[in-house]
């Protein structure tokens, strides 16, 4: 019996080792992510009054989220308009950060040969992250305001007859702030993918007569897809849930899903806010699933 026990322990121990290694991370994930998410889903089905929440299992909060949508057909209800506004910012920020992130990552990966200079340039890119998001956003106000540096320079040079009103508290200001905040989340994964590309493939492409653009399109872009998808997931999820940037740079005049949830929380409408959060989570997961269908991240990574 003792020999059998030893043999079984030798067989089971190696098989169980990976599970013991992942157990601490799984525990942290369960406590700080899965449990709060489950609580949010449960609370989204509760009833609430002005001063209390009543445990229940009803869909009133989800009905409130989409209230009036059928009545306003073929037009769009407030909920759909808010989601379209949020998606608009999401697409614009994604496009701009994708172009900037790919360009900067390409430059760092293929044109900066020195590891020291790559590190220095990466540190320069991370300088904005040394301060909080709010400070980084507020720093745009003296630049883009009606009497800011940009308008003062444009008026003084005669480029415009009067200060431009759309530079601040507008869609332009919101997109600019988002790009400033989140471009780094696109650069890092793309650079990580590009750094793994064998340089011999680029030389083979040039030897075959391909131009620089053809090499980028046919070699670099396909091999950088994992980084492109991961960076896109980062940017999309951050923009979809952000309400501080839209509130500050939009002058509290632009609606977003995150802003609606924040307002409901301020009025202590926790079940309704939870229902909106679950709907937002579903929308974000749908976008992420669409992106991951383009690239098999498990196989690529």
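For this structure, a couple of remarks:
- Using a Förster distance of 45 Å, the FRET efficiency for residue 127-residue 49 (Cβ separation, nearest 0.05): 0.40
- Exposure proxy for 111, 180: other Cβ atoms within 10 Å of each Cβ, ordered fewest to most, give 111, 180.
- Remark: C-alpha extents of segment 103-196 on the principal axes read 50, 28, 20 Å, sorted largest to smallest.
- GNM remark for the chain: springs join alpha carbons under 10 Å apart, and the peak mean-square fluctuation among 218, 133, 61 falls on 218.
- Percentage, to the nearest whole number, of Cα pairs in segment 15-149 over 24 Å apart: 69
- One Cα centroid belongs to segment 19-34, the other to segment 94-155; the line between them spans 35 Å.
- Proxy reagent accessibility, fewest Cβ within 10 Å first, across 190, 261: 261, 190
- The chain, helix-only ellipticity at 222 nm - DSSP H runs n ≥ 4, -39,500 (n - 2.57), divided by all residues, nearest 500: -21000 deg cm²/dmol
- Where the Cα pairs of segment 44-300 fall when distances are cut into 10 Å bins, in %: 6, 22, 27, 23, 15, 6, 1, 0
Read the figures in this text as sums done on the coordinates, not as results from a lab. Model, not experiment: these values are computed from the prediction. Backbone-built Cβ (ideal geometry, glycine too); neighbour counts: all protein chains shown.
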